[in-house]
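> The structure is given below, and queries will be raised subsequently.
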Amino acid sequence: MPSQLKELVQCWMAWGGIDEGLAPTPEALEAGFGTTAEPVRPGVDPRAIAAWEHRHGYRLPAGLRAWLMLSNGLYLQGPIIHPISAIGPMVIFSRIHDLVVQPESWFELGNPNVETICIDLAYRWPGGSYPVFTSGDAASRRVPRIIARSFEEWLLDLLRHGGREYWFDSDFVDLGDPWQAHRRYTPQPDLPDRLRPFAQQILPLMQARVEEREIAHVLGLTHGDVELLFRHLQHIASDLTPS
């Protein structure tokens, strides 16, 4: 099966115009995937990818789209890359400072082990593409970290390490907090003029972590209105530490 994986990786790299010198060695693929019965699966119909993009409102990076058309996922002990049907909004497993409402652009890409692998489709990392990051894990006190500047960079590094979670190595240097990077590189979410008078009222309630529905009831707003205010305020507030 690693031989099939090798062929698919070569095809994927050729499609993307990726330097052959960055390819994983056959030995690395054999060492990591040699005992896995089905690391790859039949590719997905491009129409399924288009349907996903239409449903979620974001376009997948070219490298991920190409990989899914070659193999609908990538598997070792678990789904390193999910099939298209399982790529969905990220679930946060670790507290992120100053984040109240998760960005709509954060999607879970795979689940190789304890921490899920996610991607932010809202912006391109300088000199890269959509950044890949970990979800973090509260039980082990690990925080979310950006581990690659693009899907392509992440997948190549992963394959060169035989599918191993190399970002847990002691000498690995991450690229920082995914939420702080999101705030830095994406525009401030729009806020309708009719909601601006409520911003200062809601800020202390956000700090107190009052439920959105309770705030909506007290202020006579819809749940959607409160979420818009949350998204706007968390992007610009200097401190949302619970009071």
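The values are calculated or read from the model by the stated rules, or taken from the named source; none is laboratory data. If you're wondering where the values come from, they're calculated on a predicted model, not measured in any experiment. Counting neighbours? That spans all protein chains shown, and the Cβs are built from the backbone with ideal geometry, glycine included.
> Against the conditions (1) charged (D, E, K, R); (2) in contact with a strand residue (DSSP E or B) (Cβ under 8 Å, 6 or more places away or on another chain); (3) assigned to a loop (DSSP other than H, G, I, E, B), where does Asp190 fall short? Just the number, please.
Every condition holds for Asp190 apart from (2).
> Considering each residue of region 3-37, count those that are surrounded by 15 or more Cβ atoms within 10 Å (Cβ to Cβ) and modelled with pLDDT under 90, and give that number.
1
> Got at least one residue in region 148-156 being buried (at least 18 other Cβ atoms within 10 Å of the Cβ), modelled with pLDDT of 95 or more and part of a strand (DSSP E or B)? Outline the logic, then answer.
Just the residues of region 148-156 that are buried (at least 18 other Cβ atoms within 10 Å of the Cβ), to begin with: 148-156.
Those left that are additionally modelled with pLDDT of 95 or more: 148-156.
Those left that are additionally part of a strand (DSSP E or B): 148.
The answer is yes, given that some residue of region 148-156 is buried (at least 18 other Cβ atoms within 10 Å of the Cβ), modelled with pLDDT of 95 or more and part of a strand (DSSP E or B).
> Would you mind stating whether Phe172 is closer than 30 Å to Thr36 by Cα, crowded, with 18+ Cβ neighbours inside 10 Å and of a type outside the set (Lys, Arg)?
Working: closer than 30 Å to Thr36 by Cα: yes; crowded, with 18+ Cβ neighbours inside 10 Å: no; of a type outside the set (Lys, Arg): yes.
So Phe172 fails the test.
> Within region 24-53, take every residue that is among the aliphatic types (A, V, I, L, M) and touching a residue at least 40 places away in the same chain (Cβ under 8 Å) and give me the one that is farthest from Leu76 (Cα to Cα). Can you show your working first?
To start, the set of residues in region 24-53 that are among the aliphatic types (A, V, I, L, M) comprises 28-29, 31, 37, 40, 44, 48-51.
Going one step further and asking which of them are touching a residue at least 40 places away in the same chain (Cβ under 8 Å), we end up with 28-29, 31, 44.
Numbers: Ala28: 13, Leu29: 11, Ala31: 12, Val44: 19 Å.
The extreme case among them is Val44.
> Next up: Which count do you get for residues in region 187-206 that are out of contact with any His (no Cβ under 8 Å at 6 or more places or on another chain), of a type in the set (S, T, N, Q) and surrounded by 10 or more Cβ atoms within 10 Å (Cβ to Cβ)?
Counting residues in region 187-206 that are out of contact with any His (no Cβ under 8 Å at 6 or more places or on another chain), of a type in the set (S, T, N, Q) and surrounded by 10 or more Cβ atoms within 10 Å (Cβ to Cβ) gives 1.
> Quick check on region 230-242. Is at least one of its residues farther than 29 Å from Phe133 by Cβ and not assigned by TED's automatic domain parsing to the domain that holds Ile146? Don't jump to the end; show me each part of the working.
Residues of region 230-242 farther than 29 Å from Phe133 by Cβ: none.
There is no residue in region 230-242 that is farther than 29 Å from Phe133 by Cβ and not assigned by TED's automatic domain parsing to the domain that holds Ile146.
> Can you tell me which residue among Arg65, Arg55 is surrounded by 19 or more Cβ atoms within 10 Å (Cβ to Cβ), in the same structural domain as His161 (by TED's automatic domain parsing), charged (D, E, K, R) and not in a loop (DSSP other than H, G, I, E, B)?
On the way: Arg55 fails: surrounded by 19 or more Cβ atoms within 10 Å (Cβ to Cβ).
Selected residue: Arg65, the only one of Arg65, Arg55 that is surrounded by 19 or more Cβ atoms within 10 Å (Cβ to Cβ), in the same structural domain as His161 (by TED's automatic domain parsing), charged (D, E, K, R) and not in a loop (DSSP other than H, G, I, E, B).
> Would you check which residues across region 38-48 are crowded, with 20+ Cβ neighbours inside 10 Å and in a helix (DSSP H, G or I) and list them?
Filtering region 38-48 down to residues crowded, with 20+ Cβ neighbours inside 10 Å leaves 39-40, 44.
Hits for region 38-48: nothing passes.
> Would you check which residues across region 103-142 are more than 14 Å from the chain's Cα centre (by Cα) and among the β-branched types (Val, Ile, Thr) and list them? Give the steps one after another, and end with the answer.
Within region 103-142, the subset more than 14 Å from the chain's Cα centre (by Cα) is 113-114, 126-128, 137-142.
Across region 103-142, the qualifying residue is only Val114.
> Would you confirm whether or not region 94-106 contains a residue that is surrounded by 15 or more Cβ atoms within 10 Å (Cβ to Cβ), under 28 Å from Gln188 (Cα atoms) and touching a Gly at 6+ places or on another chain (Cβ under 6 Å)?
Yes, region 94-106 has at least one match.
> Oh, and also: Looking at region 226-243, is at least one residue free of Cβ contacts under 8 Å to residues at least 24 places away in the same chain and either touching a Lys or Arg at 6+ places or on another chain (Cβ under 7 Å) or outside any loop (DSSP other than H, G, I, E, B) (or both)? Before the answer, list the steps.
Taking region 226-243 as the starting set, the residues that turn out to be free of Cβ contacts under 8 Å to residues at least 24 places away in the same chain are 238.
From what's left, either touching a Lys or Arg at 6+ places or on another chain (Cβ under 7 Å) or outside any loop (DSSP other than H, G, I, E, B) (or both): none.
No, because not a single residue in region 226-243 is free of Cβ contacts under 8 Å to residues at least 24 places away in the same chain and either touching a Lys or Arg at 6+ places or on another chain (Cβ under 7 Å) or outside any loop (DSSP other than H, G, I, E, B) (or both).
Residues are listed down the side, and each one gets a yes or a no for (1) touching a helix residue (DSSP H, G or I) at 6+ places or on another chain (Cβ under 6 Å); (2) within 24 Å of Leu70 (Cβ to Cβ); (3) assigned to a loop (DSSP other than H, G, I, E, B):
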position	(1), (2), (3)
Ser85	no, yes, no
Glu104	no, no, yes
Ile119	no, yes, no
Tyr123	yes, no, yes
Gly128	no, yes, yes
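> Any idea which of (1) under 28 Å from Arg142 (Cα atoms); (2) over 28 Å from the mean Cα position of the chain (by Cα); (3) of a type outside the set (S, T, N, Q) is the one Asp177 doesn't satisfy?
Every condition holds for Asp177 apart from (2).
A quick yes/no check of all residues on (1) in contact (Cβ under 8 Å) with a residue 24 or more places away in the chain; (2) in contact with a Lys or Arg (Cβ under 7 Å, 6 or more places away or on another chain); (3) of a type in the set (A, V, I, L, M):
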residue: Gly110; (1), (2), (3): yes, no, no
residue: Leu121; (1), (2), (3): yes, no, yes
residue: Pro131; (1), (2), (3): yes, yes, no
residue: Gly136; (1), (2), (3): yes, yes, no
residue: Ser140; (1), (2), (3): yes, no, no
residue: Asp157; (1), (2), (3): no, no, no
residue: Arg160; (1), (2), (3): yes, no, no
residue: Gly163; (1), (2), (3): yes, no, no
